[in-house]
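Below: the structure, in structure tokens.
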Amino acid sequence: MKEATVLYDAPGPRARRRNRLLALLFAIASATVVGWVVWSLGQKDQWAAQKWKPFLRGDIWTAQIIPGLTGTLKAAAIAAVLALAFGIAFGIARISTHQWIRWPAGAVVEFFRAIPLLLLIFFASYAPAP
């Protein structure tokens with residue numbers, strides 16, 4: 001038998017049986033959902049060859065898909081670096097002993113925590129371009 005740790009106790013026979021049953025039920029449910037999606041797409045003729053032909057053309061890949069993918073990855077990398085920098089700056093500002101630093105930093109953090117990301121993206125898309 002496996003040793004029990006502080007964070008995790010080895011499951012007993014009933015728990016192992018329950019875990020196997022739940023894993024089986026989840027696998028069946030997942031396969032059912034995937035099958036339904038494939039069937040629904042087939043009913044709407046989404047698997048037709050003419051709808052997939054553009055992805056077989058090289059000019060589509062070089063002119064649209066690959067530049068779009070690289071642009072997305074660049075934007076994600078820049079956003080991650082900026083988010084880390086702003087997070088560190090405002091995190092340190094929030095634990096400051098000076099109220100004149102802590103309160104505005106807390107207001108900014110709470111403001112951006114309260115707004116859903118999709119709304120921020122929407123408003124940022126209408127910001128004037130530099």
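The values are calculated or read from the model by the stated rules, or taken from the named source; none is laboratory data. Everything numeric in this text was worked out from a predicted model, so none of it was measured. Because the Cβ atoms are built from the backbone with ideal geometry, glycine has one as well, and the counts that use them run over all protein chains shown. The accessibility values were calculated without ligands, DNA or RNA, using every heavy atom of the protein model including side chains. Shrake-Rupley method; radii C 1.70, N 1.55, O 1.52, S 1.80 Å.
Observations
- Taking segment 78-111 as the range and being in a helix (DSSP H, G or I) and either loosely packed, with under 10 Cβ neighbours inside 10 Å or within 18 Å of the chain's Cα centre (by Cα) (or both) as the test, the residues that pass are 78, 79, 80, 81, 82, 83, 84, 99, 100, 111.
For every residue, the table says whether it meets (1) open to solvent by 90 Å² or more (accessible area, probe 1.4 Å); (2) at pLDDT below 95; (3) touching a Gly at 6+ places or on another chain (Cβ under 7 Å).
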{"residue": "2", "(1), (2), (3)": "yes, yes, no"}
{"residue": "38", "(1), (2), (3)": "no, no, no"}
{"residue": "51", "(1), (2), (3)": "no, yes, no"}
{"residue": "69", "(1), (2), (3)": "yes, no, no"}
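- Any chance residue 22 is under 23 Å from the mean Cα position of the chain (by Cα) and open to solvent by 90 Å² or more (accessible area, probe 1.4 Å): no
- Pairs, first among the aromatic types (Phe, Trp, Tyr) in segment 71-99, second assigned to a helix (DSSP H, G or I), C-beta under 7 Å, six or more apart: 90/105; 90/108; 90/109
- Residue among 15, 93 that is touching a helix residue (DSSP H, G or I) at 6+ places or on another chain (Cβ under 8 Å) and at pLDDT 90 or above: 93
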